[in-house]
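To keep things clear, I will list the structure first and then write my remarks on it.
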Amino acid sequence: MDTTILIVEDEHEIRELIVTNLQRAGCRTLSAGSVAEAVTQMRSALPDLVVLDWMLPETPGVMFARRLRADQRTADIPIIMLTGRGREEDRIMGLEAGVDDYVIKPFFPRELLARIRAVMRRCRPQLTEDVIEVAGLALDPAARRVTCAGSDVELGEIEFRMLHFFMTHPERVYSRAQLLDEVWGRQVYVEERTVDVHIRRLRPALEPAALEGLLETERGVGYRFRRNLPAARRNAIPAEARCSLPQ
Ligand code: CA
């Protein structure tokens, strides 16, 4: 997984166990022994997911989860809570705080890893290595390859990441600012019109497969990627140029 995970856990041994296992799985890790340390870590770089212990000195994990959800900058970061508490009311309190999943202590590192993968697949599908197929296009993140009916679709690095994001988030309009966050990352300062430049490169790359119509401009708002070409457009494409469009 090409993912940065922040581990907030005050017990040194458990923290190191998690860090070692996540690094072995190919993740980058940030670690903190308290909420204050986590806040400092997040000032310089935002993680893709937080593994958060419930019982922490000073501020409990569940309070920190609420704080992350309330801040626009961190509201979408998935959280997995580590807890020794299996009581119903604690689970409800955690869910209300916006936690995405729980792992009950003691746990096997493999179980935590499986939960992280499942949450990432649900919340950040563009960061997993799963092959995505939409409208006859197949995108393989591990091989950095996009194909349509067996033919390669040639894309630059940014266009590849942009298409990956769109294919994992179809049918929703994204503003230029949102696309910058998702494709370039939140720590990078790029002007919003740069998004338009790359959209203008992505469209022609989809033309040979007659799929450029999937990428729609929503005037004054942003861009949307369709799961299917609108029917009128699909019929206008000569049969030989169609790229195994879903009917
Ligand atoms: Ca603890």
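No lab work stands behind these numbers, since they all come straight from the coordinates. As the structure is a computational prediction, the values presented were derived from the model and not from experiment. When we count neighbours, we look across all protein chains shown, and the Cβ atoms used for this are built from the backbone with ideal geometry, even at glycine.
What is the angle, in °, between the Cα long axis of helix 157-168 and the longest principal axis of the Cα atoms in the chain? Nearest 10 is fine, range 0 to 90.
The angle comes out near 80 degrees.
Helix 109-123 versus the longest principal axis of the chain: what is the Cα-based angle in degrees, 0 to 90, to the nearest 10?
Its long axis makes an angle of about 40 degrees.
Once phi is turned into θ = phi - 60°, what whole-Hz ³J(HN,Hα) does the Karplus curve with 6.51, -1.76 and 1.60 give for every residue of the range 3-9, x standing for Gly and Pro?
So the J values, rounded to whole Hz, are 9, 9, 10, 9, 10, 10, 7.
In debye, nearest 20, what is the charge dipole magnitude of the chain about its Cα centre with +1 on Lys and Arg Cβ and -1 on Asp and Glu Cβ, if you could check? Intermediate results must be reported in sequence, preceding the final value.
Details: 35 positive and 38 negative charges, 123 e Å.
Magnitude of the dipole: close to 580 debye.
Using a 10 angstrom Cβ neighbour count of at most 10 plus a DSSP loop assignment to flag exposed trypsin sites (Lys or Arg not before Pro), which longest range of the chain is free of such sites? Show your work: numbers first, answer last.
Values: sites that count: 87, 219.
Longest run free of exposed loop sites: 88-218.
Any idea what angle helix 61-70 forms with the longest principal axis of the chain, computed on alpha-carbon atoms, 0 to 90 degrees, nearest 10?
With rounding to tens, the tilt is 30 degrees.
Can you give me the Cα centroid spacing of the range 1-44 and the range 96-111 in angstrom?
The two parts, judged by their Cα centres, are 15 Å apart.
Are there GluC sites (Glu not before Pro) in the range 57-142 that DSSP marks as loop and that have at most 15 other Cβ atoms within 10 Å, and which are they? Intermediate results must be reported in sequence, preceding the final value.
Working: sites: 58, 88, 89, 96, 111, 129, 133; in loops: 58, 129.
Loop-located and lightly packed - 58, 129.
Taking amide H atoms as placed 1.01 Å from N in the peptide plane, list the residues 5 or more away in sequence, or in a different chain, whose amide H sits under 5 Å from that of residue 30.
5, 6, 7
Evaluate the relative contact order of the chain (contact order divided by residue number), counting alpha-carbon pairs under 8 angstrom at least 6 apart; express in whole percent. Spell out each step's value before the answer.
Details: 362 pairs, mean separation 32.2, N = 247.
In percent, rounded to a whole number, it is 13.
Could you work out the helix-only [θ] at 222 nm for the chain, with each DSSP H run of four or more residues adding -39,500 (n - 2.57) and the total divided by the number of residues, to the nearest 500 deg cm²/dmol? Intermediate results must be reported in sequence, preceding the final value.
Details: 9 runs with 93 residues, N = 247.
Helix contribution divided over all residues of the chain: -11000 deg cm²/dmol.
Quick one: order 116, 77, 92 by neighbouring beta-carbon count within 10 Å, fewest to most. Before the final figure, lay out each step's value.
Numbers: 116 25, 77 22, 92 10.
By the 10 Å Cβ count, ascending, the order reads 92, 77, 116.
Cα convex hull of the range 4-127: mean projected area in nm², to one decimal?
Working: hull surface 27.7 nm².
With the hull built on Cα positions only, its mean projection is 6.9 nm².
Considering all projection directions equally, how large on average is the shadow of the alpha-carbon convex hull of the chain, in square nanometres?
Numbers: hull surface 59.7 nm².
That works out to 14.9 nm², a quarter of the Cα hull's surface.
Please state, as a whole number in µm²/s, the translational diffusion coefficient that the Stokes-Einstein equation yields for the range 116-204 at 20 °C and 1.002 mPa s, with Rh defined as the Kirkwood radius across alpha carbon pairs. Don't skip to the end; give the middle numbers.
Numbers: Rh = 13.7 Å.
Taking Rh from Cα pairs, D becomes 156 µm²/s.
Take every Cα pair under 8 Å in the range 4-127 that's 6+ residues apart, average their separations, divide by the length, and report that relative contact order as a whole percent. Before the final figure, lay out the partial values.
On the way: 183 pairs, mean separation 26.7, N = 124.
Rounded, it is 22 percent for the range 4-127.
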